[in-house]
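Some notes on the structure that comes next.
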Amino acid sequence: MASQDWFDKDFYKVLGVSKDVTQADLKKTYRKLARKYHPDSNPGNAAAEAKFKEISEANSVLSDPEQRKEYDAVRAMGGGARFTAGGAGGQGGFEDVFGGMFGGGARGQQSSQQTQFDDLLGGMFGGQGGRFGQSSGGYRGFGGPTPGRDVSASTTLDFQTAVTGETITLQTSAGREIKVKIPAGVSDGQKIRLRGKGEPSPDGGTAGDLILTVAVRKHPVFERDGLNLRVTVPVTFVEAALGATIEVPTLTGETVKLRVTPGTPGGRVLRVKGRGVSTTKGTGDLLAVVQIAVPSHLSKEAQEAVEALAAALPDENPRDELLARARG
C-alpha cells in the first residue's frame, strides 16, 4: 500500500541517485550512506540518526521493485497532490488529479484511458485487475479495507549473533515491544521483512509489515566470506619451512588443529570443513590464511644462524617469475 506522504518525499533525492538507477547501484549507494550515518558511527549525533532513518526509509521503498513501482506511480500524479474531498457536486479533488493524468476531464473518459486508470489504481490499492473497487467477491466500495503502513527500522547485531541467529526484542517509537527472530547467517545491510508487524489498519484490514535493516559489527578475528569464515593465522618461519601442527580458533571459542606442511608459503589457505556459517542454504568452512611471522629483533647468535642459512640456500630470486610476467 502506497503511503500518503510519498507525495512529499523524494526518495531518489534522499539517496542522491537518479530515477533510473539500477538495483545494484542503489544497493551500493545505500550501504555507503548507511555506514556514514549509522548511529554506531555517530554516537550522540541526533542529525546523523535522523539522516540514517531517512535513507533507510528511502531504501526500503526503492529496493523493493513492487514498492518502487507504486512510489513512481504516486509521484507521477503531480507532486503535492492529495486525495481531497470533492467540490460542488462532489466531482473535484480526486477526479481532477487523475483527469490530468489521462488528458481529459473527470467524466467521459475513453475506454482505453479508463483501462489505464483501473490498472494504475489496481496496482496502488492491491486490486487484482478488473474495474476499480471490485474483487472476486463483488463490489467492495472504495478500495476495500486499507492495509496498515509498512514501518522501517534498523538494528545493530554482534558478529556472532548475526552468524548463529537469535530472537531479539525491539521497541517502537510508540513504546510497543516486538520480538524478532534473527535467522542464522544474516549479513551486514540485509533487510528482514516481518509480516504484520507494522502499523495496524485504520479500518480492519491487514497490518503493515516491519522492514528491518540489519547492521553487523566487525569481529576482531573473523570476517565473513559468503558462508565461509576467514581468520588470519600467524605461523613462524620454522613452522612454515619444516612443517608443524598448529591450533586455530573457531567462532564458538573452541580450537581445532591444522597441519602445516613443510614449505608452506604465506597466504596459503588451510580449510576446516563445516566450521563456517550454517544456514538453510548450507554450511560454510573455516578458512585459515597463513601469515609468516617474522621476528622484529634477533640476537647476535640468531642473526648469524640466519646468515648461515641464507648462505646454504640456493642462489635464487623468488621474484624472477613475477618480474618476467610484469614485463609481458
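With a cut-off of at least 2 residues that are more than 21 Å from H38 (Cβ to Cβ), name the strands (runs of 3 or more DSSP E) lying wholly within the range 144-183. Steps first, answer last, please.
Numbers: elements: 151-157, 166-171, 177-182.
Those strands (runs of 3 or more DSSP E) span 177-182.
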*Could you please give the count of residues in the range 184-193 that are under 12 Å from the mean Cα position of the chain (by Cα), part of a loop (DSSP other than H, G, I, E, B) and of a type outside the set (S, T, Y)?*
4
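Rundown of residues vs (1) touching a helix residue (DSSP H, G or I) at 6+ places or on another chain (Cβ under 8 Å); (2) assigned by TED's automatic domain parsing to the domain that holds T167; (3) closer than 30 Å to T169 by Cβ; (4) outside any strand (DSSP E or B), yes/no style:
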{"residue": "V233", "(1), (2), (3), (4)": "no, no, no, no"}
{"residue": "E247", "(1), (2), (3), (4)": "no, no, no, no"}
{"residue": "L251", "(1), (2), (3), (4)": "yes, no, yes, yes"}
{"residue": "V256", "(1), (2), (3), (4)": "no, no, no, no"}
{"residue": "R259", "(1), (2), (3), (4)": "no, no, no, no"}
{"residue": "R271", "(1), (2), (3), (4)": "no, no, no, no"}
{"residue": "L287", "(1), (2), (3), (4)": "no, no, no, no"}
{"residue": "S296", "(1), (2), (3), (4)": "no, no, no, yes"}
{"residue": "E301", "(1), (2), (3), (4)": "no, no, no, yes"}
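Which residues, taken from the range 176-230, are among the basic types (K, R) and surrounded by fewer than 16 Cβ atoms within 10 Å (Cβ to Cβ)? Steps first, answer last, please.
Just the residues of the range 176-230 that are among the basic types (K, R), to begin with: 176, 179, 181, 191, 193, 195, 197, 217-218, 224, 230.
Selection gives R176, K179, K181, R193, R195, R217, K218.
Out of T261, T255, T280, I need the residue that is more than 30 Å from the chain's Cα centre (by Cα), over 14 Å from T236 (Cα atoms) and exposed (fewer than 12 other Cβ atoms within 10 Å of the Cβ). Which one?
On the way: T261 fails: over 14 Å from T236 (Cα atoms); T280 fails: more than 30 Å from the chain's Cα centre (by Cα).
Exactly one of T261, T255, T280 is more than 30 Å from the chain's Cα centre (by Cα), over 14 Å from T236 (Cα atoms) and exposed (fewer than 12 other Cβ atoms within 10 Å of the Cβ), namely T255.
Mind checking whether some residue in the range 300-311 is in contact with a strand residue (DSSP E or B) (Cβ under 8 Å, 6 or more places away or on another chain) and modelled with pLDDT of 90 or more?
In the first step, residues of the range 300-311 are kept if they are in contact with a strand residue (DSSP E or B) (Cβ under 8 Å, 6 or more places away or on another chain); the result is none.
No: zero hits.
Considering only the range 11-24, state which residues are surrounded by fewer than 13 Cβ atoms within 10 Å (Cβ to Cβ) and either modelled with pLDDT under 85 or not small (G, A, S) (or both).
Quick first cut of the range 11-24, residues surrounded by fewer than 13 Cβ atoms within 10 Å (Cβ to Cβ) only: 13, 16, 18-20, 22-24.
Once the filter is applied, which keeps residues that are surrounded by fewer than 13 Cβ atoms within 10 Å (Cβ to Cβ) and either modelled with pLDDT under 85 or not small (G, A, S) (or both), the range 11-24 yields K13, K19, D20, T22, Q23.
Can you name the residue in the range 31-49 that is assigned to a loop (DSSP other than H, G, I, E, B) and of a type in the set (S, T, N, Q) and, of all such residues, is surrounded by the fewest Cβ atoms within 10 Å (Cβ to Cβ)?
Quick first cut of the range 31-49, residues assigned to a loop (DSSP other than H, G, I, E, B) only: 38, 42-45.
Keeping just the survivors that are of a type in the set (S, T, N, Q) gives 42, 45.
On the way: N42: 15, N45: 13.
Checking each candidate, the answer is N45.
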*Take the range 281-304 and flag every residue that is β-branched (V, I, T) and touching a Gly at 6+ places or on another chain (Cβ under 7 Å).*
T283, V289, V290, I292
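The values are calculated or read from the model by the stated rules, or taken from the named source; none is laboratory data. Source: prediction; values computed, not measured. Positions of Cβ are backbone-derived with ideal geometry, glycine not excepted, and every protein chain shown enters the neighbour counts.
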